[in-house]
Amino acid sequence: MASVIFDKATRWFAGMERPAVCELDLAIADGEFMVLVGPSGCGKSTSLRMLAGLEEVDSGTIRIGNRDVTHLPPKDRDIAMVFQNYALYPHMTTADNMGFALKIARMPRPRIRDRVQEAAAILDLHDYLDRKPKSLSGGQRQRVAMGRAIVREPQVFLMDEPLSNLDAKLRVQTRTQIAVLQRRLGTTTVYVTHDQTEAMTMGDRLAVLKDGALQQVGTPKEVFARPANTFVAGFIGSPAMNLFQLPLTADGVRLGGLDLPLPRVMLEAAGAEGATELMLGVRPERFEVHSPHDLETPALDLVIDAVEDTGAVAYLHTTAKIGRQLVPVVVRLPGRPTQGKGDQLRVSVRPGAVHCFSVGTGLRLG
Ligand code: ATP
């Protein structure tokens, strides 16, 4: 096992107007499960491929443990990668696929057999060791790809969207299995996904990337509770956080009929920028719904455009009139909704439940 350190690692492809990965600084602890997450094209695969040695590093360095691996070939890095398409050899059995890298490394056959048996036991693949990939289900193939990485007992596992070929139900099961397995093996793991639910549920920490630049690193709890900027606020959490651009009042902001006094630190941070407006963030689950007949309690008035009823929770897609603008607002309610399309909704939000960001930089205030 080993730590992984990206130190200003940069990759700039010819013809691109900015680097695919720009000065990435990221320290991954020994045994940690780190998820790289972000939208398509943000540079997460390129970061992983630089660590694997499959992509050149134009500037900066990458270390695994106490070794500078920046310019080492992949085979000398002591890593094992699980690819999105599994990259299994079609003509080989499960056992041969799993043991192939060890055979190439000239490990004695009995030791290969032992390691394959051990991995097969961990991954519940015993009954499939003599089968070829075409006679395996998608989930079984995925486990063979995992097994091939495990038998090598590498210092670091690298995984690039390893669940994207599985159906939704199997994806949920397998993400739990991978997280449990990683904790059991204790092997440092770097896992790439565009799926924020995978990022939130699997990793010890996540690193959020956008346009080749690192936006925030933290535990799922930290990133959810204190997103560093409006991009992370919108990307982590489902449905996305509602964002409202609002003028500053003497002690906060006004959201429809709601006066929201804001903590001093936030107001001072906005004041330091000379701002007259800020971005207010409210997660869909942080609204409180009031009776439509209760006209006393100050509220934000919404009109429901659509209701998504998932059984356990409902998502109300609504519109608010804020100033002269019509703004879409999503509200999440527990249980079955009693409201329907066209209904009015009166909601409020506690000042402590809001997030504030700079309109100019998008950065978190306070
Ligand atoms: P996805 O989820 O779609 O795989 P990603 O976040 O993994 O996206 P990368 O594959 O790392 O993103 O790509 C980052 C940027 O670098 C993209 O703009 C992509 O088009 C570009 N890129 C990646 N590989 C190459 C290459 N070999 N040559 C030129 N540009 C490339």
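Can E153 be described as outside any helix (DSSP H, G or I), of a type outside the set (S, T, Y) and under 18 Å from I178 (Cα atoms)? Steps first, answer last, please.
On the way: outside any helix (DSSP H, G or I): yes; of a type outside the set (S, T, Y): yes; under 18 Å from I178 (Cα atoms): yes.
In short, yes.
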If D127 passes every condition in (1) among the acidic types (D, E); (2) surrounded by fewer than 16 Cβ atoms within 10 Å (Cβ to Cβ); (3) touching a strand residue (DSSP E or B) at 6+ places or on another chain (Cβ under 9 Å) but one, which one does it miss?
(3)
Only listed residue being in contact (Cβ under 8 Å) with a residue 60 or more places away in the chain and either out of contact with any Asp or Glu (no Cβ under 8 Å at 6 or more places or on another chain) or surrounded by 17 or more Cβ atoms within 10 Å (Cβ to Cβ) (or both), chosen from V307, V289, V329, V313
V329
All positions within the range 9-20 that are surrounded by fewer than 22 Cβ atoms within 10 Å (Cβ to Cβ) and charged (D, E, K, R):
E17, R18
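Do the conditions hold for L48, that is, is it within 16 Å of the ligand (Cβ to nearest atom) and either in contact with a Phe, Trp or Tyr (Cβ under 7 Å, 6 or more places away or on another chain) or not in a strand (DSSP E or B) (or both)? Break it down stepwise before answering.
On the way: within 16 Å of the ligand (Cβ to nearest atom): yes; either in contact with a Phe, Trp or Tyr (Cβ under 7 Å, 6 or more places away or on another chain) or not in a strand (DSSP E or B) (or both): yes.
The answer is yes for L48.
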Keeping to the range 5-36, report how many residues are closer than 11 Å to L214 by Cβ and within 16 Å of the chain's Cα centre (by Cα).
2
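Name the residues in the range 1-36 that are among the hydroxyl-bearing types (S, T, Y) and assigned to a strand (DSSP E or B), would you?
Filtering the range 1-36 for residues among the hydroxyl-bearing types (S, T, Y) gives 3, 10.
Residue satisfying the conditions is T10 alone.
Does V349 satisfy being in contact with a His (Cβ under 9 Å, 6 or more places away or on another chain) and either modelled with pLDDT under 95 or buried (at least 19 other Cβ atoms within 10 Å of the Cβ) (or both)? Explain how you work it out, then say what you get.
Working: in contact with a His (Cβ under 9 Å, 6 or more places away or on another chain): no; either modelled with pLDDT under 95 or buried (at least 19 other Cβ atoms within 10 Å of the Cβ) (or both): yes.
No.
Condition check ((1) among the small types (G, A, S); (2) out of contact with any Cys (no Cβ under 8 Å at 6 or more places or on another chain); (3) exposed (fewer than 14 other Cβ atoms within 10 Å of the Cβ)) across all residues:
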{"position": "D7", "(1), (2), (3)": "no, yes, no"}
{"position": "C22", "(1), (2), (3)": "no, yes, no"}
{"position": "F33", "(1), (2), (3)": "no, yes, no"}
{"position": "G53", "(1), (2), (3)": "yes, yes, no"}
{"position": "T70", "(1), (2), (3)": "no, yes, no"}
{"position": "K75", "(1), (2), (3)": "no, yes, yes"}
{"position": "Q84", "(1), (2), (3)": "no, yes, no"}
{"position": "T94", "(1), (2), (3)": "no, yes, no"}
{"position": "G99", "(1), (2), (3)": "yes, yes, no"}
Any residue in the range 32-48 that is more than 14 Å from V232 (Cα to Cα) and among the hydroxyl-bearing types (S, T, Y) sitting within a Cβ distance under 7 Å of a residue that is within 7 Å of the ligand (Cβ to nearest atom) and assigned to a loop (DSSP other than H, G, I, E, B)? List the pairs, counting only those 6 or more apart or interchain.
S40/H194; T46/A20
Any idea how many residues of the range 155-205 are in contact with a Phe, Trp or Tyr (Cβ under 9 Å, 6 or more places away or on another chain), aliphatic (A, V, I, L, M) and away from the ligand (no atom under 13 Å from the Cβ)?
5
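Given the structure, is M16 among the hydrophobic types (A, V, I, L, M, F, W, C) and more than 12 Å from the ligand (Cβ to nearest atom)? Don't jump to the end; show me each part of the working.
Numbers: among the hydrophobic types (A, V, I, L, M, F, W, C): yes; more than 12 Å from the ligand (Cβ to nearest atom): no.
When the stated conditions are applied, M16 does not pass them.
Within the range 6-37, count every residue that is at positive phi and in contact with a His (Cβ under 9 Å, 6 or more places away or on another chain).
Initial filter on the range 6-37 (at positive phi): 8, 15, 23, 31.
Still in the running and in contact with a His (Cβ under 9 Å, 6 or more places away or on another chain): none.
Looking only at that region, the number is 0.
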Are there any pairs, at least 6 apart or on different chains, whose C-beta atoms fall under 8 Å, with the first in the range 119-132 and within 19 Å of A179 (Cβ to Cβ) and the second part of a loop (DSSP other than H, G, I, E, B) and among the hydrophobic types (A, V, I, L, M, F, W, C), and if so, which?
A119/L125; A119/V151
Answer yes or no: is there a residue in the range 74-93 that is more than 13 Å from the ligand (Cβ to nearest atom), assigned by TED's automatic domain parsing to the domain that holds R152, closer than 20 Å to P154 by Cβ and among the β-branched types (V, I, T).
yes
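Residue by residue, here is whether (1) modelled with pLDDT of 90 or more; (2) over 23 Å from A95 (Cα atoms); (3) assigned to a strand (DSSP E or B) holds:
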residue	(1), (2), (3)
Q117	yes, no, no
D130	yes, no, no
R148	yes, no, no
I178	yes, no, no
Y191	yes, yes, yes
T197	yes, yes, no
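Just one of D7, D30 is within 18 Å of M159 (Cβ to Cβ) and more than 15 Å from the ligand (Cβ to nearest atom); which is it?
Values: D7 fails: within 18 Å of M159 (Cβ to Cβ).
One residue alone meets the criteria, D30.
The values are calculated or read from the model by the stated rules, or taken from the named source; none is laboratory data. Bear in mind that the values here come from a model prediction, so they are computed numbers and not experimental data. FYI the Cβ positions are ideal-geometry reconstructions off the backbone, even for glycines, and counts take in every protein chain you see.
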